[in-house]
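Visitor: Let me give you the structure first, and then I'll get to my questions.
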Amino acid sequence: MSTLAMKLWRGFFTALSLGLATVGAQTLNSTRSDPVQSGPAFTLPAHGVEVSLAEIQRICDHYDLPELWQKIKRDPPQRPFKSDGVTGWFEEWNGVSLYPAGFVHDLKYWAGYPGEDVARLVADAEFMIDVARLLNSTQMAETMFHGVRLGGSEHFKASFSWGFGRTISP
């Protein structure tokens, strides 16, 4: 096993032993306002609507994603941000909206840089966790994880690929 893989596994098991949940681009405690926690109503921008940097900051603050906001603030992607929800998938499953999980995942993909393989894996794993929490089930979450791992590669240069906010198509 490579040194990087060993560090990732060690970090994963440390987080588990401390009772932490991995969400966002960092490890956060369970008080985070994630897409699946209940509490005060929070309205995300609608599907396909351009989202301003001020609104992105509000969203990152709500979901406790300070590292993601700092990345965006430091170097805003060239393209404006619009979420397409759960790309090519069901927006709702068994009466549960998957849009919040898809929106946050889209935001991470939009802000990604080419070559950030570990950051993309983390974003995809967090998406899987958010979907599992929303559905209170792992089966669909794992299926969706495999879908984003296969279809979200930056090498496809699709409108939803990793780093889509930082690449300008010809």
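The values are calculated or read from the model by the stated rules, or taken from the named source; none is laboratory data. Worth saying up front: this structure is predicted, and the values here are computed from it rather than measured. Glycine also receives a Cβ, built like all others from the backbone with ideal geometry; neighbour counts cover every protein chain displayed. What goes into the accessible areas is simple: the full protein's heavy atoms, side chains included, and nothing from ligands, DNA or RNA. Shrake-Rupley method; radii C 1.70, N 1.55, O 1.52, S 1.80 Å.
Visitor: What do you reckon, how do Glu50, Glu91, Glu126, Glu67 stack up by accessible area (1.4 Å probe), largest on top?
Guide: Glu50, Glu67, Glu91, Glu126
Visitor: Tell me which residues come under 5 Å, amide H to amide H, from Thr138 once H is placed; ignore anything under 5 positions away on its chain.
Guide: none
Visitor: Can you tell me how much longer the chain between Arg79 and Glu55 gets when fully stretched, taken as 0.36 nm per residue apart minus their C-alpha distance, in nm with one decimal?
Guide: In short, 7.1 nm is gained.
Visitor: Still on this structure, I have one more. Over region 50-105, consider all pairs of different Cα atoms and compute the Kirkwood hydrodynamic radius from their mean reciprocal separation; express it in Å, one decimal. Let's see the in-between values first.
Guide: Numbers: mean 1/r = 0.0809 Å⁻¹.
Result for region 50-105 stands at 12.4 Å.
Visitor: Give a residue-ordered list of calculated ³J(HN,Hα) values for region 156-167 (Karplus: 6.51 cos²θ - 1.76 cosθ + 1.60, θ = phi - 60°; whole Hz; x for Gly, Pro).
Guide: 6, 6, 8, 5, 10, 5, 3, x, 4, x, 9, 10
Visitor: Remind me, relative contact order of region 48-170 in percent, using alpha carbon pairs under 8 angstrom and six or more residues apart? Mind showing how you got there, number by number?
Guide: Working: 145 pairs, mean separation 32.1, N = 123.
Across region 48-170, relative contact order equals 26 percent.
Visitor: Among Leu98, Val86, Trp69, which residue has its Cα furthest toward the positive end of the charge dipole of region 58-107, with +1 on Lys/Arg Cβ and -1 on Asp/Glu Cβ?
Guide: Trp69
Visitor: How big is the equivalent ellipsoid of region 37-139 along its three axes, where each semi-axis is √(5λ) from the Cα gyration tensor, reported in whole Å from largest to smallest?
Guide: So the three semi-axes of region 37-139 are 22, 16, 13 Å.
Visitor: Under 5 Å between amide H atoms, partner at least 5 residues away or on a different chain: which partners does Phe81 have, H built in plane at 1.01 Å?
Guide: Residues meeting the criterion, in which the H sits 1.01 Å from N, are Val51.
Visitor: Right, here's the next one. Rounded to the nearest 20 Debye, what is the dipole magnitude of region 32-160 about its Cα centre when Lys and Arg each give +1 and Asp and Glu each give -1 at the C-beta?
Guide: Once rounded to the nearest 20, the dipole reads 220 debye.
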